[in-house]
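Report on the following structure.
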Amino acid sequence: MKILITGASKGMGKGVAMALAGFSQVHEIILLCRSEESGWVTMKELQGFSKNAKISMVQCDLSKLADVKKVIGEIENQHHHLDGLFINAGIGYAKTRIETQDCMDSHFQVNYLSQFLFTLNLLSLLENSKKGGRVIFNVTEFGKIRWDDMQMTRKWSYEKAIHQAMAAKRMFMVQLHHFYSRNKHGNVSFIGFRVHKTVWTDQINIIPSGMKIMARLAKLFGAFISIETCGKVMAPLFLENREESLQRSGKLITWKKNRFEEMKQKYFTFSQPDLDRLWAGSLALCRDEKTLEVTNRLLPLKKQNSSKCNEKTP
Ligand SMILES: NC(=O)c1ccc[n+]([C@@H]2O[C@H](COP(=O)([O-])OP(=O)(O)OC[C@H]3O[C@@H](n4cnc5c(N)ncnc54)[C@H](OP(=O)(O)O)[C@@H]3O)[C@@H](O)[C@H]2O)c1
């Protein structure tokens, strides 16, 4: 299988890459990394214990739409299919709101919008998968969309920004599932995974000292898991067969009592107008003809979305 992981240089993305590298049925793992240097280090490390997998790397800063468009072109040129995509990269703690060069809130753009653009453009590669393409979204059950201020220029906090991006990712996942289950022949599944315990990652090095002390105490009481454990739990989602994967499509799942368990419906039930509104707003922000064409291929709502692209940025 050929699997691409966003945010693979460290944390959960690296944990999943490490676990996948140990399976003989995984033939290629593509690491999408912001920094070429740290991506290179992770790639070399993974090559050291990979069973069968070719490990490659693409560099892309998800806070820049131009970078995302460039890397999509590179991937399309080099690959005919993809069996799995892990939508994982994200910014966690931040002291202040950072506006990107595309004039968006950085959490919104990195954690959600760039990966909306990225996923849409890779759908045709996932459709080409003989194993049944699958997109696993790293999400939580929290968050809401701040329709009146999606870029959070007024009331920003890093928690609100993270949670809004989580809600947006869940909505994107559900909408994709709707399109594929209603309009297409279901060769791609879209699954939200909520990790069952907090994963101990480099975030510990950037959070304020009070939070650090609390985290270290909580760690003593078993509140955290390592990236390796997280990777071992998640890896089967990328490896299971098409039918199993399609059965999970459109669902938010977690890990409980040594098996995957579906979470309550309320966490991923959204009204169709809200799903359409977010989709149209996201397309408008991408400002990309090619992505519009992808959407037109998917959507009965295409006319509505195309016209919204000329509207003012939300
Ligand atoms: N840790 C948890 O318990 C937990 C639980 C639920 C959900 N999550 C979510 O899961 C995701 C990963 O979390 P984590 O704990 O593994 O975080 P992490 O250790 O900080 O890893 C984040 C990854 O995203 C990459 N990234 C950040 N900004 C990027 C950008 N502009 N362009 C490309 N890549 C970028 C990072 O690359 P660099 O190496 O260049 O920084 C890194 O590889 C986040 O969205 C987080 O909110 C985490």
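All of the numbers you see were taken from the coordinates with simple rules; none came from a lab. The structure displayed is predicted, hence computed values, not measured ones. Counting neighbours? That spans all protein chains shown, and the Cβs are built from the backbone with ideal geometry, glycine included.
Under the simplified labelling scheme, the GLU159-VAL41 pair shows an inter-label distance of 3.2 nm, with each label point 7 Å from Cα along Cα→Cβ. For segment 134-207, the convex hull spanned by the alpha carbon atoms encloses 111 Å³ per residue.
Taking the number of Cβ atoms within 10 Å of each Cβ as an exposure proxy, the fewest-first ranking of CYS286, CYS230 is CYS286, CYS230. Modelled spin-label separation between SER124 and ILE206, with each label point placed 7 Å from Cα along the Cα-to-Cβ direction: 3.5 nm.
Which percent, to the nearest 5, of DSSP beta bridges fully inside segment 2-269 are antiparallel?
If we restrict to bridges inside segment 2-269, about 15 percent are antiparallel.
Normalised Debye scattering of segment 2-269 at q = 0.09, 0.12, 0.14, 0.15 Å⁻¹ gives log10 I(q)/I(0) of -0.38, -0.71, -0.99, -1.16, counting only Cα atoms as equal scatterers and leaving out solvent. With 21 Å as the limit on Cα-Cα distance, the pairs of LYS70/LYS155; LYS69/LYS169; LYS14/LYS51 that go past it are LYS70/LYS155.
Taking a ≥ b ≥ c as the square roots of the Cα gyration tensor eigenvalues, with a/c under 1.5 meaning rounded and otherwise prolate when a/b beats b/c, else oblate, which class fits segment 38-181?
Note, shape of segment 38-181 comes out prolate.
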